[in-house]
C-alpha cells in the first residue's frame with residue numbers, strides 16, 4: 001500500500017508541475033498577445049502622426065512660400081513708392097525752376113510778350129501739375145496696397161506660427177508614443193524570451209522522456225488500489241486483498257471477454273496501432289466482446305477472498321508480441337516511484 005501511495009503522490013506532483021507549466025505558458029501567451037495588440041495600436045498611431053506631420057510640413061512650406069511672395073510684393077511696392085516720390089520731387093523742382101524763370105523774365109518783357117510767355121508757362125505748369133497729380137495718385141494707391149499687404153503678411157505669419165506649433169506638438173506626441181512603443185516592445189521581448197525558455201525546457205523534458213522510455217503510446221494502470229506490483233520480463237502482476245474496480249488502460253474495442261483454459265477470466269482490449277491489453281485473473285467482467293470502451297472506464301472487478309492475497313496479471317502486446325509492460329505504464333514511472 002505504501003508503494004501505491006507513493007505512486008499516486010508522484011502522479012499528483014508531476015501533474016501539478018505540468019499544470020503549472022501549462023498555466024505559465026498560457027499566461028505568457030496572453031501577455032504577449034495583449035502587448036502585441038497594444039504595440040499594433042501604437043504603431044498605427046505613430047503612422048497617423050507621421051502622416052499628419054508630413055501634411056503639416058507641406059502646409060508649412062506652402063505658407064512660407066506665400067509669406068515670401070507677400071514680402072516680395074511689399075519690397076516691390078516700396079521701390080515703386082520710392083520711384084514715385086523721386087519723380088514728384090523732380091517734377092516739383094523743375095516746376096519751381098520754371099516758375100522762378102517766368103517771374104524773372106516777365107519783368108523785362110512787353111505786355112504782348114508777357115501775355116504769350118504767361119500763356120506758355122501756364123500750359124507747362126498745367127502739364128507738370130497733371131503729372132504730379134498722377135504720381136501722387138499712384139503713390140496713394142501704392143500706400144493702400146502696402147497696408148493691405150502688411151495685413152495679409154501679419155495673417156500669413158500667424159497661420160505659419162499655428163502650423164509650426166502644430167508640428168512641434170505632433171513631434172512631441174510622436175516622441176511620447178514612440179517611447180511607449182519601445183517600452184512595450186522590450187516587455188514583449190522579455191516575455192517572449194521567458195516563453196521560449198519554458199517551451200524549450202518542456203520540449204527537452206519530453207524529448208528526454210521519450211528517449212528514456214522510447215514509447216509514444218501510453219496506457220494507464222488497470223488498478224488504482226493494490227498492495228504491490230511485481231514485474232516479469234513481459235507482464236506485471238498486481239497483488240490485492242479487496243474487491244477493486246478494473247479500468248480500461250486505454251480506449252479501444254473489447255476483442256475477447258471470457259474464460260481461457262486454466263488462466264481464469266480473460267479480457268483483451270484492442271487499442272489500435274496493433275497494440276492490445278491483456279488482463280487475466282479471478283475477475284468479473286462488465287463488458288462484452290466487440291464493445292467499445294473509453295480510457296479509465298470500469299470494465300470489471302477483482303474477486304477477493306477473506307484473508308487471501310490474490311493476483312491480477314496485466315500484459316501489453318504489440319503485433320501479438322508481449323512487450324515490457326513496465327515501460328508502457330504511464331509517464332510518471334520515469335521517476336521509479338513504483339517498485340516494480
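The values are calculated or read from the model by the stated rules, or taken from the named source; none is laboratory data. Values in this document were obtained by computation on a predicted structure and should not be read as measured data. Ideal geometry is used to build each Cβ from the backbone, glycine not excepted, and the neighbour counts take in all protein chains shown.
The table below lists the values:
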| read-out | value |
| --- | --- |
| Subset of segment 3-42 that is out of contact with any helix residue (DSSP H, G or I) (no Cβ under 8 Å at 6 or more places or on another chain) and at pLDDT 85 or above - its residue that is nearest to residue 226 (Cα to Cα) | 26 |
| Candidates 246, 275, 269, 215, filtered to the one that is at pLDDT below 90, within 22 Å of residue 324 (Cβ to Cβ) and surrounded by 15 or more Cβ atoms within 10 Å (Cβ to Cβ) | 215 |
| Condition check for residue 299: at negative phi, buried (at least 18 other Cβ atoms within 10 Å of the Cβ) and over 59 Å from the mean Cα position of the chain (by Cα) | no |
| Pairs where the first residue, in segment 140-161, is assigned by TED's automatic domain parsing to the domain that holds residue 57 and the second is at pLDDT below 80, C-beta under 6 Å, 6+ apart | 142/77; 142/80; 142/81; 145/77; 146/77 |
